[in-house]
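Chemist: Before we start, here is the structure in question, set down as structure tokens.
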Amino acid sequence: MVATAFRALSLLPSVAIILTAVAANEAASYVLPAATFSTTAQREFDYFSLALQWPGTCCRRTHRCCSSNGCCGLNPLTDFTIHGLWPDYYDGSYPSCCRDSDFDEKKISSLLPDLRKYWPSLSCGSSSLCHGGKGLFWAHEWEKHGTCSYPSLKDEYSYFAKALDLYLKYNITRILNNDGIFVGTDEKYSVGTIISAIKKALGTMPFLECSHGSLQELRLCFDKDFKPRDCIVQTSIQVNDRVDYKITSRKSCPRSISLPTYSPLGNGDASLVISSLVRDGPFLPLSLD
């Protein structure tokens, strides 16, 4: 299917990754309500990216604690968490802020226990919103990305419910552990080993993004009907006097990477933060895309 898309669209190179099948018996089922709303002038997206974060990498750069920071519990997070479900274009760009629909927590009240567990914010900073001001991490993801997910997802509840459903259905933490890749340790694994484990379980590969030798983010991609498909992740390369683009399955990853744990900062202890910085060094800022 990817090759067909590439012949139809000359902008498309061939592809990075995704997941095709998985332990559906472990998935939670969320009922998506029927609803409609009008779209804006931005063209309809091409596919979805489900971005998952590895907390061990993200939380090692936590400088302070607050009630909204998932890194600040008494125990470290031991599973991948959701960053977002993003409508994307084949050319590497994406629509954003497609509709004037402010986030309303009441609309997803029944999902809040799972959102707090599987989709926590991993920082104390407020996220920018489409129409000015700051708000919750969930508000940022809904207003920037969720409002562009029509017609596949028709409202706020459907957006968050589907993200949770995909996350639980495609349980990356379990897949890696089952193949002897144990997350939450400082042991290093080759990128090829991680990709092979997922390929063996699912038949396809994920896109990996790293920071300072540790896995930071893993993306899975889906068609508009949520069937797994290849991710299209491009990187630019300088060739003499021009810039070319190539498809890649990784970004900023050396040959061997870790999925580390971190020192929990449940009490906001400044000494723990200083110790973490001395031990691990500074990390790149966490993107709030």
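The values are calculated or read from the model by the stated rules, or taken from the named source; none is laboratory data. Because the structure is a prediction, the values reported are computed rather than measured. Note: ideal-geometry Cβ built from the backbone for every residue, glycine included; neighbour counts use all protein chains shown.
Chemist: Determine whether LYS162 is part of a helix (DSSP H, G or I) and closer than 19 Å to GLU44 by Cα.
Modeler: For LYS162, the condition - part of a helix (DSSP H, G or I) and closer than 19 Å to GLU44 by Cα - is met.
Chemist: Could you grab me the full set of residues in segment 76-91 that are touching a helix residue (DSSP H, G or I) at 6+ places or on another chain (Cβ under 6 Å), in a loop (DSSP other than H, G, I, E, B) and not charged (D, E, K, R)?
Modeler: Of everything in segment 76-91, those that are touching a helix residue (DSSP H, G or I) at 6+ places or on another chain (Cβ under 6 Å), in a loop (DSSP other than H, G, I, E, B) and not charged (D, E, K, R) turn out to be LEU77, PHE80.
Rundown of residues vs (1) over 29 Å from ARG255 (Cβ atoms); (2) in contact with a helix residue (DSSP H, G or I) (Cβ under 6 Å, 6 or more places away or on another chain); (3) modelled with pLDDT of 90 or more, yes/no style:
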| position | (1), (2), (3) |
| --- | --- |
| TRP138 | yes, no, yes |
| ALA163 | yes, no, yes |
| GLY180 | no, no, yes |
| ASP186 | no, no, no |
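Rundown of residues vs (1) in contact with a strand residue (DSSP E or B) (Cβ under 7 Å, 6 or more places away or on another chain); (2) more than 18 Å from SER68 (Cα to Cα); (3) modelled with pLDDT of 95 or more, yes/no style:
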{"residue": "LYS134", "(1), (2), (3)": "yes, no, no"}
{"residue": "HIS145", "(1), (2), (3)": "yes, yes, yes"}
{"residue": "ILE172", "(1), (2), (3)": "yes, yes, no"}
{"residue": "ILE175", "(1), (2), (3)": "no, yes, no"}
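A quick yes/no check of all residues on (1) within 23 Å of LYS169 (Cα to Cα); (2) hydroxyl-bearing (Ser, Thr, Tyr):
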{"position": "THR81", "(1), (2)": "yes, yes"}
{"position": "PRO87", "(1), (2)": "yes, no"}
{"position": "SER123", "(1), (2)": "no, yes"}
{"position": "CYS130", "(1), (2)": "no, no"}
{"position": "HIS145", "(1), (2)": "yes, no"}
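Chemist: Which of the residues that make up segment 202-246 are part of a strand (DSSP E or B), under 30 Å from SER152 (Cα atoms) and modelled with pLDDT under 75?
Modeler: GLN234, THR235, TYR245, LYS246
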